[in-house]
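The values are calculated or read from the model by the stated rules, or taken from the named source; none is laboratory data. Computed from a prediction, not measured in an experiment: that's the story for all the values here. Cβ coordinates were reconstructed from backbone atoms using ideal geometry, including for glycine residues, and neighbour counts include every protein chain displayed.
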Amino acid sequence: MSDARLRELERRWKETGSADDEGAYLLERVRVGDLTRERLELAAYCGHEGARRAVGDVSECPGEPAHWLGGFLRWGAEAFTKAVLAVVPPLHRRLWSDNPYLPVSGDFFAAAQRWCECPCQPHADEMDSLLSDAHDNTLAEERHAEAVGQCRGTSLRGHALAAEAAAMVAIVMARRGRSAEAQFLAYRFQLSAVASEFVSSDLVWRLVSEAFGVSAGHCGGRVSDLAVPPEGGLA
C-alpha cells in the first residue's frame, strides 16, 4: 500500500507540477523512510518550494535575511561550512585576481573544503594551522584598503576583505562548537560581502542553494540527494 500511494503521489505531482502535490509526495517519502526529515527541512530552508509546502517556513529569522547563513548550523558544522564556502569564490577571485602572489587565505579555504568533505582530525588541524597567518594577512590588507578608502571614498575592497576575514573565523568557530560566535561572524560575513558589491543578496542565496542541490527554488525529485556530509547530522 505504501509503495502504491508513493507512486500515486509522484504521478499526480508530475502531472500537475503543483508545489502542493510535490509537498505531499515529499512528505510521503519521509513517512516511508525514503527521505529524512532533516534533508526535507534543509531543502525548505534553501527555498525549495515543494519542501516549503511540506514543512512550512523553517527560517529562524525571516525578517533578517543576513542571518540566513548562520541558520545552517542547525544541520551541523559541515553544512554551515559548505554554505559559507559557497559564497567565498566570487569574493576571493575579485579580491586577489590582480595580486602577484597567492594569498594565504586561499590555502585556508582549500583546507576548509577538504575538512568539509572529510571532517577528520588531520584536516581540522590543517585548517587550524593556516588560520592565524591567513587571518592576519587579510586583516593587514583590510587596514590598507580602509586607509585608501578614507582618501578616495568608501572602500569596497575593504568590505570584501572584512567578509573574507569573518568567513575564516566563522568556519573555525563552527568546527569548535562555538555556535554563537559562528552565527555572529556569518552575519558579518554576509553583510560585508553584500556591502562590497562583489556579490548581491540574490547571488548569495543562489550560490548556497545550488551547493546543496537546490536550483531556482526547485530540485525535482532530488531532495534526497542534497549534498550534506553524514557528520552534519543528516542520514
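Okay, residues lined up against (1) over 15 Å from F212 (Cα atoms); (2) crowded, with 19+ Cβ neighbours inside 10 Å:
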| position | (1), (2) |
| --- | --- |
| W13 | yes, yes |
| S18 | yes, no |
| D21 | yes, yes |
| Y25 | yes, yes |
| G33 | yes, no |
| E41 | no, yes |
| A44 | no, yes |
| R52 | yes, yes |
| G56 | yes, no |
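Under 7 Å between Cβ atoms, at least 6 apart or on separate chains: pull out the pairs that start in the stretch 185-212 with a residue that is outside any helix (DSSP H, G or I) and end on any residue that is small (G, A, S).
S196/A160; S196/A163; F198/A160; V199/A193; F212/A227
In the stretch 27-37, how many are farther than 18 Å from D57 by Cα, touching a residue at least 40 places away in the same chain (Cβ under 8 Å) and not charged (D, E, K, R)?
1
Where residues in the stretch 75-115 are among the basic types (K, R) and at pLDDT 90 or above, which of them is surrounded by the fewest Cβ atoms within 10 Å (Cβ to Cβ)?
Selected residue: R114.
Between a residue in the stretch 1-26 that is of a type in the set (K, R) and any residue that is surrounded by 12 or more Cβ atoms within 10 Å (Cβ to Cβ), which pairs come within a Cβ distance under 6 Å, given they are 6 or more apart or on different chains?
R12/D21
Would you mind stating whether V204 is surrounded by 22 or more Cβ atoms within 10 Å (Cβ to Cβ), among the β-branched types (V, I, T) and modelled with pLDDT under 85?
For V204, the condition - surrounded by 22 or more Cβ atoms within 10 Å (Cβ to Cβ), among the β-branched types (V, I, T) and modelled with pLDDT under 85 - is not met.
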